[in-house]
Amino acid sequence: MTTATASIDRSSFLRRVLLVDAATCVAMGMFLVLLAQPLAPMLGLPASLLEIAGTSLFPIAVFMAWVATRSAFLRSGAWLVVAGNVAWIAASGLLLLRLGSTVTPVGWAFVTLQALAVAVLAVLEYRGLARAARLTQLASLQ
């Protein structure tokens, strides 16, 4: 196996997870932007916050897809995605703490479940990065 092939094979799991993450960002972004007005009272969150959160997901998705599709995989880009996911999770928790009394039970469930979904993706991306690092070490020993 050549070094170029090993490089692509090594990160294929991570590339797939990044593409799934990008796709979920697009889907959630569309959901939040298109349905912000009807969701706001149901969730107890401001419609403007839902719209801004949804809109912010589109460039994030583009970046994730860009990182996932580079022929020379950008490990630093993947780490940035993981860090961004961790920041999103923290912001979700802070949002609930700050707006807690106005957020409905459905809103609490919505924010919590989307944060858990982001956490799962962050863990998978982290594992993909760790796996790629181990395979790089093994390849350098050969």
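Read-outs: derived from the displayed coordinates by stated rules, not from any lab. Please read these numbers as outputs of a predicted model, since none were measured by experiment. Glycine gets a Cβ as well: all are built from the backbone with ideal geometry, and neighbour counts include every protein chain shown.
Of the numbered criteria (1) within 29 Å of residue 40 (Cα to Cα); (2) in contact (Cβ under 8 Å) with a residue 24 or more places away in the chain; (3) in contact with a Phe, Trp or Tyr (Cβ under 9 Å, 6 or more places away or on another chain), the one residue 124 fails is (1).
Taking the conditions exactly as written (within 19 Å of residue 13 (Cβ to Cβ) and under 17 Å from the mean Cα position of the chain (by Cα)), does residue 119 satisfy them or not?
Spelling it out, residue 119 is indeed within 19 Å of residue 13 (Cβ to Cβ) and under 17 Å from the mean Cα position of the chain (by Cα).
Before we move on, is residue 42 aliphatic (A, V, I, L, M) and either loosely packed, with under 14 Cβ neighbours inside 10 Å or touching a strand residue (DSSP E or B) at 6+ places or on another chain (Cβ under 7 Å) (or both)? Yes: the conditions hold for residue 42.
Screening residue 90 with (1) without any contact (Cβ under 8 Å) to a residue 24 or more places away in the chain; (2) within 17 Å of the chain's Cα centre (by Cα); (3) surrounded by 13 or more Cβ atoms within 10 Å (Cβ to Cβ) gives one miss only, at (3).
Scanning region 69-85 for residues that are part of a helix (DSSP H, G or I), without any contact (Cβ under 8 Å) to a residue 40 or more places away in the chain and either touching a helix residue (DSSP H, G or I) at 6+ places or on another chain (Cβ under 6 Å) or over 21 Å from residue 18 (Cα atoms) (or both) yields a single hit, 77.
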